Amino acid sequence: MQVKTRAIVLSSLKFQEKSLIVKCFTLSHGLKSYFVRDAFSSRKANQKIAYFQPLTILEIEAVHKNKGTLENFKEIKIGTAFHSIHSDIYKSTMAMFISEMLHHSIHEEEENEALFTFLETAFHWLDNHDEIANFHLILLLETTKYLGFYPDTSDVDMAFFEMNEGIFTPFHAISSLTEHETNLFKKLLDLKFDNSQKVFHVIERQILLRILIEYYSIHLHGFRKPKSLDVLKEVFS
């Protein structure tokens, strides 16, 4: 089956000496993994490898056999030429962390146009703005809308957020956030990318990041904490 679609790069893994295995979230078929033969051996190796940096948006033509095996690219070109995401240390670190989070969160080999459009729009915003300290927090929370476990805010005035059920309650349970953590979480729920500057201190961002990672681990089977988390904390401390 020959496919033309847009794709967001989530990970690339070196295979043997010369090749890559690239995992992408595609507009047309959800999560797909591709084998890139001789990625490190041709005269255009640097250009090839540049295509597969975290969160790069590609226009691809590919052959999908849909047998649970690695697929193959026929043609690749950059779909969106980012200006700063891969050159700015703060943005590139954030991109590495976000791509790893998405890699462990998106499992379906089926179309999810709403999630793809949201992520593509969000990455455009990241590329074109400088005040980005809370970007990853907002993105991770908003992404839960498309993954099926966004918090139920019908009782948002209650004092505690219960993580297992994703609801606000008047009583504190073992799986609830503290009142202070709940208040921080409520502030995050109200944020959008354009009104997020200077809302949280560094320690508050670290608390919220811990909460979000725990929330993902509760609601996604097989979720693993990103290895890039420590690098992110170091860069944004």
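The values are calculated or read from the model by the stated rules, or taken from the named source; none is laboratory data. All figures in this text were calculated on a predicted structure; none of them were measured in a lab. Don't worry about glycine lacking a Cβ; one is built from the backbone with ideal geometry, like all the others, and counts go over all protein chains shown. To get the accessible areas, we keep the full protein, side chains included, count just its heavy atoms, and leave off ligands, DNA and RNA. Shrake-Rupley method; radii C 1.70, N 1.55, O 1.52, S 1.80 Å.
A compact table of results
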{"read-out": "Answer from PHE223, PHE185, PHE160 - the residue that is touching a helix residue (DSSP H, G or I) at 6+ places or on another chain (Cβ under 8 Å) and free of Cβ contacts under 8 Å to residues at least 24 places away in the same chain", "value": "PHE160"}
{"read-out": "All strands (runs of 3 or more DSSP E) inside region 1-106 with 1 or more residues being aromatic (Phe, Trp, Tyr)", "value": "2-15, 19-26, 30-36, 71-80"}
{"read-out": "Single match in LEU229, LEU189, LEU208, LEU212 (criterion: in contact with a Pro (Cβ under 8 Å, 6 or more places away or on another chain), among the hydrophobic types (A, V, I, L, M, F, W, C) and closer than 22 Å to LEU102 by Cα)", "value": "LEU189"}
{"read-out": "Residue check, THR121 hydroxyl-bearing (Ser, Thr, Tyr), open to solvent by 40 Å² or more (accessible area, probe 1.4 Å) and either more than 17 Å from LEU208 (Cα to Cα) or in contact with a helix residue (DSSP H, G or I) (Cβ under 7 Å, 6 or more places away or on another chain) (or both)", "value": "yes"}
{"read-out": "In region 1-25, residue nearest to THR117 (Cα to Cα) [restricted to those that are more than 23 Å from the chain's Cα centre (by Cα) and open to solvent by less than 50 Å² (accessible area, probe 1.4 Å)]", "value": "VAL3"}
{"read-out": "Qualifying residues in region 74-116 (those that are of a type in the set (S, T, N, Q) and touching a residue at least 60 places away in the same chain (Cβ under 8 Å)) - the one nearest to SER228 (Cα to Cα)", "value": "THR93"}
{"read-out": "Filtered residues of region 118-140 (kept if part of a helix (DSSP H, G or I) and either free of Cβ contacts under 8 Å to residues at least 24 places away in the same chain or in contact with a strand residue (DSSP E or B) (Cβ under 9 Å, 6 or more places away or on another chain) (or both))", "value": "LEU119, GLU120, THR121, PHE123, HIS124, ASP127"}
{"read-out": "Filter result for GLU142 (open to solvent by less than 30 Å² (accessible area, probe 1.4 Å) and closer than 28 Å to HIS83 by Cβ)", "value": "yes"}
{"read-out": "Candidate set from region 92-113 (those that are under 14 Å from THR26 (Cβ atoms) and over 11 Å from the mean Cα position of the chain (by Cα)); member that is least open to solvent (accessible area, probe 1.4 Å)", "value": "ASN112"}
{"read-out": "The one condition in (1) within 25 Å of LYS192 (Cβ to Cβ); (2) open to solvent by 40 Å² or more (accessible area, probe 1.4 Å); (3) not polar (S, T, N, Q) that LEU55 fails to fulfil", "value": "(2)"}
{"read-out": "In region 58-91, the residues that are surrounded by 14 or more Cβ atoms within 10 Å (Cβ to Cβ) and farther than 30 Å from PHE236 by Cα", "value": "GLU59, ILE60, ALA62, HIS64, LEU70, GLU71, PHE73, ILE76"}
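Matching residues to (1) in contact with a Lys or Arg (Cβ under 9 Å, 6 or more places away or on another chain); (2) modelled with pLDDT of 95 or more; (3) among the small types (Gly, Ala, Ser):
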site	(1), (2), (3)
ILE132	yes, no, no
PRO151	no, yes, no
VAL156	yes, yes, no
PHE161	yes, yes, no
PHE193	no, no, no
SER196	no, no, yes
LEU209	yes, yes, no
LEU212	no, yes, no
LYS227	no, no, no
